[in-house]
Amino acid sequence: MSKGTLFDKVWDLHTVGTLPSGQTQLFIGLHLVHEVTSPQAFAMVRERQLTVMYPQRTVATVDHIVPTESQARPFADPLAEAMMQALDQNCQDHGIRFYNIGSGSQGIVHVIAPEQGLTQPGMTIACGDSHTSTHGAFGAIAFGIGTSQVRDVLASQTLALGKLKVRRVEVNGDLLPGVYAKDVVLHIIRKLGVKGGVGYAYEFAGSAIEAMSMEERMTLCNMAIEGGARCGYVNPDQITYDYLNGRDFAPKGEAWDEAVSWWNTLRSDANAEYDDVAVFDAADIAPTVTWGITPGQGIAINETLPWPDSLPDEEQVLAQDAFAYMDFTPGQSLKGTAIDVCFIGSCTNGRISDLREAAKVVQGRTVAEGIKAFVVPGSERVKQQAEAEGLDQVFTAAGFEWREAGCSMCLAMNPDKLQGRQISASSSNRNFKGRQGSASGRTLLMSPAMVAAAALAGQVTDVRDYLPTH
Amino acid sequence: MTQIEQITGTGIPLTGNDIDTDRIIPARFLKCITFDGLGEQVFADDRAALEGRHPFDQPQYRGATILVVNRNFGCGSSREHAPQAIARWGIKAVLGESFAEIFFGNCVAIGIPCLTASAEVVGQVQAALDTDPTTVVTLDLATQTVTFGAGAGAVSMPEGGRQAFLAGTWDACGQLVANADAIRATAATLPYVAW
C-alpha cells in the first residue's frame with residue numbers, strides 16, 4: 001500500500017469518514033459541471049428534495065454539444081438547445097457560476113478551470129467526464145464520475161469511493177525534437193496497456209516530466225484515463241506556481257504565500273512508498289501515432305504495424321478487429337496513409353501552446369488539396385489569445401478553418417463529424433470505433449504538430465521533416 | 001433500499017476485450033436530458049454493423065439478465081448512459097474478466113453488480129451460454145460464486161462495492177447527505193476553502 005505520496009496526503013486530508021461499506025466518504029474541493037452528464041443529476045436532486053450543498057464550489061460551462069461554426073441561439077439542433085437551456089436553468093436555480101457562450105470564459109471544462117486558476121494543487125476535483133484526470137497536472141486528485149455521482153457531489157460535496165493504489169510512472173532524460181507530451185503519453189499507454197492503470201492513480205515523475213510546462217503536463221494527465229488510470233498527477237513545483245500566480249481564482253497576497261507553503265507540504269515524500277513503479281527513457285520516445293481502435297494501439301512513426309501473432313495472446317483478437325476496421329495491413333508503414341480530415345483541438349491538445357506548436361509547422365505552407373483541416377481553440381480565452389498572436393491568420397492562410405471553442409470532433413456530439421469511412425488525423429484522445437461521429441469513421445491520434453504536418457502533406461508524415469533544423 | 005445478494009437468470013455472452021462506452025452507447029444518444037429510451041439504443045452501431053448477429057439481437061438471448069463479458073469492459077468515457085442503457089435493456093448484473101474503474105463505480109451507483117472471474121471461468125460461462133442459451137446463471141455476492149448449469153466458479157468484487165450491495169446501501173446519496181456536519185468539519189480544515 002502506498003505511503004507518503006501526494007495521493008495519500010490529499011486523500012487523507014479530504015476524508016470525511018468511513019462508510020459502513022468500508023468505502024471512504026471523500027470531500028470534493030471543486031466540482032465541474034457540463035451540459036451532457038448533469039441534467040439527470042439535477043433532476044435526481046430535485047426528485048429527492050435535496051439542495052446543492054456547496055454551490056460556490058461548483059462551476060459549469062458548455063462544451064460537448066456546442067457547434068463550433070455558428071453559435072447563434074437557439075441552436076439548429078433542438079436537443080442540443082434543450083440541453084443548453086437545462087444547464088442554464090439548473091445553474092440559476094442553484095446559484096452555480098455558469099460560463100455560457102459569449103461570456104469570454106466559456107470553453108472545454110478541462111481547459112477553462114486551469115486557465116482561470118480554479119484548478120489548484122491539493123484539491124480533489126470531480127466532473128462527469130473521464131478526462132477530469134487533466135487537472136492532476138497541478139498536483140490535484142481529479143477524476144471522472146458518472147451522473148449518479150454528480151448527484152452525490154451536488155447534494156453532499158462528497159463521494160463514496162474506494163482508495164486507489166499508486167504507480168509512479170517515471171520518464172527520465174530529455175525529449176527529442178519533434179516529440180511532445182502527447183507522444184509521451186501515447187508511448188506510456190502503448191507500453192503499460194489500456195487497462196494497465198485500472199485500480200491505480202498514476203504519479204508522473206522524472207526529469208522529462210519536471211521539465212514540462214503546465215500545458216504539457218495537462219496533456220499527459222488528460223490521457224491517464226486512456227491507460228486505465230482514473231487519475232494521474234504531477235507533484236506541484238515552481239512551474240505550477242508560476243502558471244497559477246495571478247490567475248482569476250488563485251489566492252492573492254498573504255493567502256498566496258500561505259498556499260505555496262501548504263502546496264509544498266503535499267508533494268510526495270522522497271521516501272514515499274508506491275504500489276508499483278514503471279520507468280521510461282525519454283530518448284526512446286518518437287512521434288507516435290495510433291493505428292487501431294484503442295489508444296494503446298500505437299507505433300512510432302518510423303515503425304511498421306505489428307503482426308498480430310507477434311503480440312501477446314490476449315491482444316491478438318483486438319488487433320485483428322482493429323486491422324479489419326481500419327483497413328490496414330500488418331507490416332505496413334503508417335507514413336503515406338492518405339488522410340481526409342485534420343482536427344486540432346480537444347481537452348487533450350486545444351490549449352494555446354498546442355496551437356503555437358501547430359502554427360510553427362503550418363507557417364508559410366498550404367494544406368494539401370482535398371483535405372478538410374480545422375482548428376478548434378479549447379476556450380474563448382485561448383481563441384482570443386491565439387488571435388492576438390496572429391495564429392488564426394497563420395492557420396487560415398494555409399487553408400485551415402478557424403472555429404469557436406468546444407469539444408468539436410473529439411466526440412462529435414455536435415455538427416463536427418466524420419462522414420462514412422473517412423480517416424482523420426486528430427489531436428484528440430480516443431480512436432474508438434465510431435468515436436468521431438461516423439459508425440465506420442477512422443481516427444489516428446497524434447500530437448497537434450503531427451496533425452498539422454499531416455494536413456500539409458495530405459497523408460501521415462513525420463513532423464520532424466517540417467521543423468526548422470538548427 | 002434494496003439489498004442485492006444474488007442474481008439469477010439466463011445470460012448473454014458478449015466476447016471481446018476493451019469494449020468501450022462509446023460502443024455501448026454512441027455519443028449521439030447522449031443528447032438527452034433523461035435516461036429514458038436508452039435501452040433500445042444499447043450497442044446501436046455494433047448491432048447495425050452485425051445485421052442481427054449481435055448477441056443483443058439474437059432471439060435466444062432475449063430476456064437475459066446477466067451479461068458476460070471479457071477484459072476491461074466499459075473503458076473510455078465516464079458516461080453513466082452506458083450502464084443505464086444496459087440496465088434499461090434488462091441486464092441486472094455483469095460478469096467479466098475485468099471492468100474499467102468509472103464504469104464499475106457507475107454500475108454500483110445504479111444497483112448493477114459487476115463481478116470479476118478468471119478468464120477461464122468467464123470463458124466457461126460464455127461457452128455454456130453459447131451452447132445452451134437457456135442455461136441458468138446465478139451470481140452470489142455473499143458466497144462469491146457463480147453457478148451455471150452444472151458448472152461453478154469463484155467470482156469477486158472490490159469489498160466496498162460488495163458490502164454496499166449486501167447491505168443495500170449502493171445508492172450512497174442518502175448516507176452521504178446524512179453526514180453533513182462531518183462534511184462541513186472536513187471542509188473547514190482545508191485551507192483553500194477559505195481563499
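The values are calculated or read from the model by the stated rules, or taken from the named source; none is laboratory data. Note that the coordinates shown come from a computational prediction; the quantities given were computed from them, not determined experimentally. With ideal geometry, Cβ positions are generated from the backbone for all residues, glycine too; neighbour counts draw on all protein chains shown. Accessible surface areas use protein heavy atoms only, side chains included; no ligands, DNA or RNA. Shrake-Rupley method; radii C 1.70, N 1.55, O 1.52, S 1.80 Å.
What the table shows:
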| quantity | calculated |
| --- | --- |
| Normalised convex hull volume, the protein assembly as shown, alpha-carbon set, Å³ per residue | 144 |
| Viscosity 0.890 mPa s, 25 °C: Kirkwood-radius Stokes-Einstein D of segment A:396-470 over Cα pairs, µm²/s | 185 |
| Within 10 Å of each Cβ in A:429-435, the average number of Cβ atoms from other chains | 6 |
| Solvent-accessible ranking of A:LYS165, A:LYS191, largest area first, probe 1.4 Å | A:LYS191, A:LYS165 |
| Qualifying trypsin sites (Lys or Arg not before Pro) for segment A:24-64 [loop in DSSP, other Cβ within 10 Å: at most 15] | A:ARG48 |
| In Å², nearest 10: area of B:GLU5 left accessible to a 1.4 Å probe | 100 |
| Value at 222 nm in deg cm²/dmol, rounded to 500, when DSSP H runs of n ≥ 4 in chain B each add -39,500 (n - 2.57) | -10000 deg cm²/dmol |
| Dipole magnitude of segment B:1-159, debye to nearest 20 (Cβ charges: Lys/Arg +1, Asp/Glu -1, about Cα centre) | 320 |
| Largest-first principal axis extents, alpha carbons of segment B:137-195, Å | 62, 19, 13 |
| With DNA, RNA and ligands ignored, accessible area of A:TYR200 (1.4 Å probe; Å², nearest 10) | 30 |
| Cα Rg, Dmax, segment A:76-197, angstrom units | 17.8, 51 |
| Alpha-carbon spread of segment B:99-160, three principal axes, descending order, Å | 32, 21, 20 |
| Charge dipole (segment B:1-113, unit charges on Cβ, about Cα centre) - positive-most of B:VAL108, B:THR2, B:PRO59 | B:PRO59 |
| Computed E for A:ASP242/A:ALA397 - FRET, C-beta separation, R0 41 angstrom, nearest 0.05 | 0.80 |
| All aspartates and glutamates inside 13 Å of A:LYS165 as judged from Cα atoms, apart from same-chain residues fewer than 8 positions distant | A:ASP8, A:GLU203, A:GLU273, A:ASP275, A:ASP276, B:GLU101 |
| About the Cα centre, charge dipole magnitude for segment A:89-218 (Lys/Arg +1, Asp/Glu -1 at Cβ), debye | 480 |
| Too-long pairs where the Cα-Cα distance tops 23 Å, listed order kept, from A:LYS195/A:LYS335; A:LYS182/A:LYS335; A:LYS191/A:LYS360; A:LYS3/A:LYS191; A:LYS335/A:LYS372 | A:LYS195/A:LYS335; A:LYS191/A:LYS360; A:LYS3/A:LYS191 |
| DSSP-assigned coil residues among trypsin sites (Lys or Arg not before Pro) in segment B:1-75, each with at most 15 further Cβ atoms within 10 Å | B:ARG53, B:ARG62 |
| Residue (of A:GLY178, A:ASN264, A:ILE65) at the positive-pole extreme of chain A, dipole from beta-carbon charges | A:ILE65 |
| Residue-averaged 222 nm ellipticity for chain A, from DSSP H runs of 4+ at -39500 (n - 2.57), nearest 500 | -9500 deg cm²/dmol |
| Viscosity 0.890 mPa s, temperature 25 °C, Stokes-Einstein D of segment A:318-455 from Kirkwood C-alpha radius, µm²/s | 164 |
